[in-house]
1. To the nearest 20 Debye, how big is the dipole of chain B about its Cα centre, given +1 on the beta carbon of each Lys and Arg and -1 on that of each Asp and Glu?
2. Treat each spin label as a single point 7 Å out from the Cα along the C-beta direction, and report the A:LYS135 to A:GLN114 distance in nm.
3. Over the range B:16-150, one equal point on each Cα, no solvent: what is log10 I(q)/I(0) by the Debye formula at q = 0.18, 0.21, 0.22 Å⁻¹?
4. Treat the count of other C-beta atoms within 10 Å as a stand-in for reagent exposure and order A:VAL87, B:VAL150, A:VAL195 from fewest to most.
5. Compute the signed sum of charges (Lys and Arg +1, Asp and Glu -1) over the other residues within less than 10 Å, Cβ to Cβ, of B:LEU100.
6. Fewest to most neighbouring Cβ within 10 Å: what's the order for A:HIS149, A:HIS190, B:HIS56?
7. Cα gyration tensor of chain B, axes a ≥ b ≥ c as square roots of the eigenvalues: rounded (a/c below 1.5), prolate (a/b > b/c) or oblate?
8. Under 27 Å between alpha carbons, and skipping anything fewer than 8 positions from A:LYS41 in its own chain: which lysines qualify?
Amino acid sequence: MIRLERASLRYGDILGLSPTSFELPEGGGITGLLGPNGAGKSSLIQLLAGLLPPSGGEVNIFGEAPFRNPNVLVRIGLVPEGDRFPVGLNGTRWLRMMGELSGLSGSELDAAIQRSLLAVGMETRAQLGFSSMSKGMRQRIRMAQALLHEPDLLILDEPFNGMDPEARLNLMDLMRELSSAGKRIIVSSHILGEVAQLTERILLLFRGRLLAEGSVPEIRELLDRHPIELRVASEDVRQVARWAVEQGELVALRMDEGAAILAVRNPRDFLPKLQDAIAAGQLPLRALDPLDLNLDAVFQYLTKDNA
Amino acid sequence: MSTRAIPSPIQTMQAVARGYLPRIFQVRGWVLAAIPVVPVLLSLALTALLRVQGEHIPPALYLTAFHGVLAKFMLPIMALVAAPAGIREDIEQRTIPLMLARPSTIWMLPFGKGLLWYGWGAIWLVVACAGLLGLGSSPEGFLYQATAMVFAYWAILAFMSLLGLVFKRGTLWGALYLFIWDPLVRIFPGNLQRITFVHYIESIAGTRSSDVAASQLLAQEQITTPVGLAILILVVFGLVCWALCGWKLQATALGLAGSESEG
């Protein structure tokens, strides 16, 4: 259904995406595109959505190249990142135009607009002009336009940006619903937790190349190999240090003012042990702060690891 | 699997024109309407005032208003105001990727949006020409003047839209063409006059205004193109420009830009 064969994308001299190959099967499911800013997620999305042709290699969606190909584009819905809308139009007017540009008309178009607005919870506010809408509302309208023509492949670039928690949960529910109805969804994010709530399959991108591909547990396992740093503040730092060196997950230890900085692998194994030790009164803990849990640090580590 | 129909070129054109219809009733649309109408209204008000005061009104005032104001300044300004509101606006606003990701006929998008601004501008050009009747123009003169304006606007708007798609500073190049090259028609010898819009406007609408006197140092003899042929040339030129706009958009890979493509 989706096949990339050494597909790459260049912006002049800048390589947006290194030659990348992967395949996603026919049928429903959610695939997460995970990577920090500048990883190549949007480059990949632009190739998949047919906005740009590959600079090298091949992109095949439903058996055909998507760039300027109406037969493919009619089966794709795109929600790009960014808060861009045509000035001077309101939601309904714009959706109507987008629907017509997707081949809908008459009562079928009216029904599609109603259905899409209902799905994103905007059925009573779509008449507002874009300038009068909140960022979250505009994001929902953007989502609605992608659903209008009931695409088989839905591509969402950072769809949760600007959404309040409730809207975020609703969107996740909607995506699960669409996935179980047989739609293939590709969703990009730089937040692992967000993607992990949604998907069984992740593509990990970093600095324009596909770093890893697999299920969430597989990726988690890969990420677990990255030692995270924890700052454990305590009245008795030496006791914390003594306890820590007995743990198999400890990779490095250094002392700071009133705290021990622990570098540990497999934090999901280590943290329950730490919790138990505190509960048993073995460690007089004052505070616990993770120092480098951001995704960039993990990706930096993985890149070095892969090299 | 979707079995959705792919929109035809005509459906694409209709969708874009309908979708952007509210835009012509907003500030830019009313500015566009005011450009040809306000000078004519002011002229009418001024002549009415002069008549009340018993002053002599030159009988060919409408010719000066048409050739010296409407054709020379207002028409090019209208094209320069309307063209950036066409598909160029979607490129600058970065809303174009959402249209390009649709299964529509991409080459029809510039024409669909341009048609809207063409239609709106043409209406007000006709209104402005009708106003010239109050300045002494005849019904027959009105017919030719309105025809000249409507077809010249078609060609000029298409040309400006093309410049806007080809060049980053298309409006600037357009302004240079319209305000520097076109007026040179007065000193262009023979067939060189045929590569100006003014030539076709004057061929359709009749005599030049009185501001072009034979005494001008470099003035050349005016050549004319038969009315029917002049109209045909403007129509064909406009169509060619719209086709080139469509080709340019179809052939140019326009992706997300700025922060949207950082990831």
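Bear in mind these aren't lab numbers, they're just calculated from the coordinates by the rules spelled out. The model shown is predicted, which means the values in this text are computed figures rather than measured ones. So basically every Cβ, Gly included, is an ideal-geometry build from the backbone, and we count neighbours across all protein chains shown.
1. That gives a dipole near 500 debye.
2. Output for this residue pair reads 3.4 nm.
3. -0.94, -1.15, -1.22
4. A:VAL87, B:VAL150, A:VAL195
5. Charge balance near B:LEU100 sits at +1.
6. Starting with the residue having the fewest Cβ neighbours, the order is B:HIS56, A:HIS190, A:HIS149.
7. Prolate, since a/c reaches 1.5 and a/b exceeds b/c.
8. A:LYS135, A:LYS183, A:LYS304
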